[in-house]
1. Using a cut-off of under 16 Å, list every residue of the stretch A:56-70 whose amide N is near the label point 7 Å from the Cα of residue A:22 along the Cα-to-beta-carbon line.
2. With the crude spin-label approximation of a point 7 Å out along Cα→Cβ, what separation in nm comes out for residue A:66 versus residue A:39?
3. Kirkwood-based Rg over Rh for chain A (C-alpha set), two decimals?
4. Among B:56, B:63, A:66, A:83, what is the fewest-to-most ranking by other Cβ atoms within 10 Å?
5. For residue B:15, give me every one of the lysines with a C-alpha distance below 22 angstrom, ignoring sequence neighbours fewer than eight places off in its own chain.
6. Quick one: if the Förster radius is 22 Å, what FRET efficiency do residue B:51 and residue B:83 give, using the C-beta to C-beta distance and rounding to 0.05?
7. Under a Cβ-only charge scheme (Lys and Arg +1, Asp and Glu -1), can you give me the dipole magnitude of the stretch B:14-115 about the Cα centre, in debye to the nearest 20?
8. Given a cut-off of under 8 Å on Cα pairs at least six residues apart, what relative contact order in percent is computed for the stretch A:5-110?
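Just so it is clear, none of the values below were taken in a lab; they were calculated from the coordinates. In this text, all values refer to a predicted model and were calculated from it rather than measured experimentally. Quick reminder, even Gly has a Cβ in these numbers, built from the backbone with ideal geometry, and neighbours come from all protein chains shown.
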Amino acid sequence: SQQGEEDPQALSIQEGENATMNCSYKTSINNLQWYRQNSGRGLVHLILIRSNEREKHSGRLRVTLDTSKKSSSLLITASRAADTASYFCAPHPYGNNRLAFGKGNQVVVIP
Amino acid sequence: EAGVAQSPRYKIIEKRQSVAFWCNPISGHATLYWYQQILGQGPKLLIQFQNNGVVDDSQLPKDRFSAERLKGVDSTLKIQPAKLEDSAVYLCASSPYPGVEETQYFGPGTRLLVL
């Protein structure tokens, strides 16, 4: 399968804690993208990391990519209640025009 | 800038009926996507347009689903006849340029329930 597989599938943390979620995939990729989906704002692009990059930051988000292990992680630091959402990794397979969304991680941040 | 617009937001139909969804992408975006998201799963690409041409429709169930983007701007997705398993959220997305580093901008989706 080309789609990403997120782990854990559900995560519950206290506000202010860090949240880490992982994504594994099986094919070579051009890049890997993370998206967030909540009822208020729909599906929103968070960050893109290229296959030749190992780490990328955007605000409170930190993404790592290990192409040798075909895995990525998304870290949200100092979580807020507004971070409650489902987080999807979407590998962009090499030679393919299609993002391969996983089933998502459901994150609940408790105020 | 205005986001991707979709209508209707909700639709309830009976099986074997037909239904159509409409999408207006962000102005100037050449690429338009339709996704199907079943509850508890990630979005699955149904069809991708580049301007008014189809780039990828390999996962579109063509016996019942059809889509068009006649003038390279807005698009419609139709299901005829609907089945129970078509119950899902139908997401439209657009991106400003094709390529491997595209960022996709999603609309709010149309939630379809087939009874």
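1. In the stretch A:56-70, the label zone of residue A:22 (backbone N under 16 Å from the point 7 Å along Cα→Cβ) covers A:63-70.
2. 3.7
3. Result for chain A is an Rg/Rh of 0.96.
4. Going from least to most buried by this count: B:63, A:66, B:56, A:83.
5. Answer for residue B:15, where 22 Å is the Cα cut-off: B:44, B:62, B:78, B:83, listed by chain and number.
6. 0.10
7. 340
8. Numbers: 258 pairs, mean separation 39.8, N = 106.
In percent, rounded to a whole number, it is 38.
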